[in-house]
Each structure stands twice: as structure tokens, then as C-alpha cells.
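Structure record follows, encoded as C-alpha cells.
The values are calculated or read from the model by the stated rules, or taken from the named source; none is laboratory data. Owing to the predicted nature of the structure, the values given are computational and were not obtained by experimental measurement. We place every Cβ from the backbone using ideal geometry, glycine too, and count neighbours over all the protein chains shown. Note: accessible area is taken over every heavy atom of the protein model, side chains too, but ligands, DNA and RNA are not part of it. Shrake-Rupley method; radii C 1.70, N 1.55, O 1.52, S 1.80 Å.
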Amino acid sequence: MNNTIHFHTADLCDRFENDISVGLQVAEPMFNDFGGKRAFYGEIVTLKVFEDNSLVREILKESGKGKVLVVDGGGSLRCALFGDQLGLLAQNNGWQGIVIYGCVRDSDVLAEMNIGVRALATQPQRSRKKGIGEKGIPVHFADTTFMPGEWICVDGDGIIVLKKAPVCSECA
């Protein structure tokens, strides 16, 4: 498994805190690490769903090279929006990671996969499958707005969002 860190969010915060052109945002520290890849970054792709992971599966079928899926699940703790089957799909299609404002399941299996996963908690109950939700819209949670096409960097210190891909020695 490739767990090489190519950046440090703390260094990026120090470097860009006064550069308004970068639009640095730092997400509130409410997420737990469930994936085998501890650090990941990429272009943001967004979904807004509630207790329905149909669109999560649909998006993860696409190529995710250089991308991170950010899912606003409304903070629901009643069911999981992501598990081992979707983790395998994401890994096989090259997604860098997924950040979920909601729950995951199959956490032991996810921990062995080469994909980054951050979520609020685990929940063994599966989601509904109605195909309801929105794709490619700005989503807001953790005191952060996640815009499609902006960049997200995630490591053991936290989650940050930047308007553009960070070009710096910390990301080499």
C-alpha cells in the first residue's frame, strides 16, 4: 500500500495563511480515518445526498484519477454511505480518496485498501437506494465550503481546501 505523504497540511497552512488568492479553508476536526491511505489530495468532486448512496456508486464508476469525492451526507449517523464494495470500486477506478459527512461501514476492510477515507463514524446499517441527490454543486459542512474543481488535501493533521492545486515544495 502506498502511504507516502507528498505534503503536510500544517506546512500548507503556514505557507498560504496570508495568501488570499489561494483561498485556504481548514475543515473543523470532526472526521475519523478509515482508509488504508492516510494522506491524499486531489481535485474536488461533490455530491449531496441523504441516507442514499446510489449516486456515490454512480460517480465512483467514473475515472477518479487525481480526484477526491466529497460527499455531504447531511451528517446522518443512521446509515453508511460507503463500504467495502464502493471502496474497491473507488480504488480500481483510481480515486485518491473520499470525505464523507456521514458514515462508513466495513471499516476493517477499508483500512486495508489503497484509498483515503474520512468520515464521521461507522454504522453497519446500509443506505437506501433511491437515486436521490445532487452532483457537482458546492457543499458546506465542517465550517468549510467544498467547490467542485477546487483542491482538497488530507493528512493526519486535518483537511484543507484550496482554490487551486498547491504548487510548492511541500507537495513534491
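Projected label points at Arg15 and Arg126, each 7 Å from Cα along the beta carbon direction, are separated by 4.3 nanometres. Our coupling estimate for the range 24-30, obtained by passing each phi through the Karplus curve with A = 6.51, B = -1.76, C = 1.60 and θ = phi - 60°, is 4, 10, 10, 6, 4, x, 10 Hz, Gly and Pro reported as x.
Dipole of the range 89-172, Cα-centred, from +1 at each Lys and Arg C-beta and -1 at each Asp and Glu C-beta, to the nearest 20 debye?
Dipole size: approximately 560 debye.
Among beta bridges from DSSP that stay inside the range 59-124, the antiparallel ones total about 5%. Projected onto their three principal axes, the Cα atoms of the range 80-128 cover extents of 25, 20, 17 Å, largest first. Of all DSSP bridge pairs formed entirely within the range 30-172, close to 45 percent run antiparallel.
Counting Cα-Cα pairs of the range 1-134 in 10 Å increments starting at 0 gives whole-percent bin shares of 13, 45, 32, 10, 1.
Here the scattering of the range 56-170 is modelled by Debye summation over its C-alpha atoms, one equal scatterer each and no solvent; at q = 0.09, 0.15, 0.22, 0.23 Å⁻¹ the log10 of I(q)/I(0) is -0.22, -0.65, -1.46, -1.59.
If you filter the range 2-56 for GluC sites (Glu not before Pro), then keep DSSP loop positions with at most 12 other Cβ within 10 Å, what is left?
Values: sites: Glu17, Glu43, Glu51; in loops: Glu17, Glu51.
Sparse-neighbourhood loop GluC sites (Glu not before Pro): Glu17.
The apolar share of the surface of the chain, taken as the fraction of accessible area on carbon and sulfur atoms (1.4 Å probe, ligands and nucleic acids excluded), comes to 47 percent. Based on the alpha-carbon gyration tensor of the range 27-77 and its eigenvalue square roots a ≥ b ≥ c, which shape applies: rounded if a/c is under 1.5, prolate if not and a/b is larger than b/c, or oblate? Because a/c hits 1.5 or more and a/b fails to exceed b/c, the range 27-77 counts as oblate.
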